[in-house]
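*Asks:* This is the structure I want to talk about, given as structure tokens.
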Amino acid sequence: MNDETFEEKVSLTLSPLNVFVFTGTIIISLITFTIYIIAFTPLREYIPGYADVNMRRKLVALTFQTDSLTQKLNSRDRFLLNLRNIIDGNGAIDSTSAQQQEFIRYDTIRFQNASPDDSALRALVESQDRFTLTDGVSGPASSISSFYFFTPVKGTITSHFSPKTKHYGIDIVASPNEVIKNTLDGTVVLADWTSETGYIIAVQHTNNLFSIYKHNSALLKSVGDYVKAGEVLAIIGNTGELTSGPHLHFELWYNGSPVNPIDYMTF
């Protein structure tokens, strides 16, 4: 009302319906505004439980990076320990096998109620010792045949072993970016690049066995790394001058002489 003339200027009629509609509109507007702030503004970071997505990704990446660095440090410590043992004349130590032997005592295992047939079979197998991988049998063929070789890569052989033409290995063509795997347990003694053979990696095995992998596109191991049979060494490639396409040139040497890998493994 006008204060001077007492004339009615604005009037509002309240009813239960009007109050309900007005109140409901206000509540819905507040809820919508709050949801918008939480969903589309940085203010949601101040609400417990709503962390930044990029921050979570960074934390996960840092966790993986820390784990990788820890593994590399442990590998370097084992390498330095083995190098020190070799210099001292104690020989290299396989930390993995040593740890397994520390916790597992096979001499305490006892078999109960063994049948006569089972005992006879065990005695036969132990006497033959046919599954020994590193025995002391003399002679190139017998010694190499006692090993179980892991095939470096599955593919098609395009060039065979030919000492007369100074081709001391075989060429294997496989799929692009195929991984090259180690054929036997050993230590990487060469991981380098040459103009003729490109990226090359070589592994020294026991019993004077030596394997060479040439023309790789990338090397995944370094000199001094101890690698198990079947462990990835490199990626197949087409590097070097003496190549006409993506393939692996694989050589196997025994006692300083090249041998034909086809005689001991299936490609």
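Quick note: the coordinates plus some simple rules give every number you see, no bench work behind them. Quantities reported herein were computed from a predicted structural model and do not represent experimental measurements. We place every Cβ from the backbone using ideal geometry, glycine too, and count neighbours over all the protein chains shown.
*Asks:* What list of ³J(HN,Hα) couplings, whole Hz, do you get for segment 62-69 from phi and the Karplus terms 6.51, -1.76, 1.60, once you set θ to phi - 60° and write x for glycine and proline?
*Replies:* Each residue's phi maps through the Karplus curve to give 5, 5, 5, 5, 5, 5, 5, 5 Hz.
*Asks:* What distance in nm lies between label points placed 7 Å from Cα along the C-beta direction at E241 and H160?
*Replies:* Placing both labels 7 Å beyond Cα along the Cβ direction yields 2.9 nm.
*Asks:* Still on this structure, please answer the following. Given the peptides 227-236, 71-80, arrange them by the average over their residues of other C-beta atoms within 10 Å, most packed first.
*Replies:* Output ranking for 227-236, 71-80: 227-236, 71-80.
*Asks:* Under the classification rounded if a/c is under 1.5, otherwise prolate if a/b is larger than b/c and oblate if not, where does segment 203-257 fall, given a ≥ b ≥ c as square roots of the Cα gyration tensor eigenvalues?
*Replies:* oblate
*Asks:* Right, another one. Which order do peptides 155-167, 208-220, 185-197 fall in by mean Cβ count within 10 Å, highest first?
*Replies:* Ranking, from highest mean packing down: 208-220, 185-197, 155-167.
*Asks:* How large is Rg/Rh for segment 156-263, to two decimals, with Cα atoms and a Kirkwood Rh?
*Replies:* With Rg and the Kirkwood Rh in hand, the quotient comes to 0.93.
*Asks:* Enter the Cα centre distance for the pair segment 197-267 and segment 163-181, rounded to the nearest angstrom.
*Replies:* 8 Å
*Asks:* While we're on this one: Return the subset of K181/K221; K58/K221; K166/K214 for which the Cα-Cα distance in this structure is over 22 Å, preserving the input order.
*Replies:* With Cα atoms farther than 22 Å apart: K58/K221.
*Asks:* Search the structure for amide H atoms under 5 Å from the amide H of L233, placed 1.01 Å from N in the peptide plane, and list their residues when 5 or more places away or on another chain.
*Replies:* I180, K181, N182
*Asks:* Given a Förster distance of 51 Å, report the FRET efficiency between L17 and S68 from their Cβ-Cβ distance, rounded to the nearest 0.05.
*Replies:* 0.15
*Asks:* Cut-off is 10 Å between beta-carbons; in what order do D88, D225 appear when sorted fewest neighbours first?
*Replies:* Ordered from fewest to most neighbouring Cβ atoms within 10 Å, D88, D225 come out as D88, D225.
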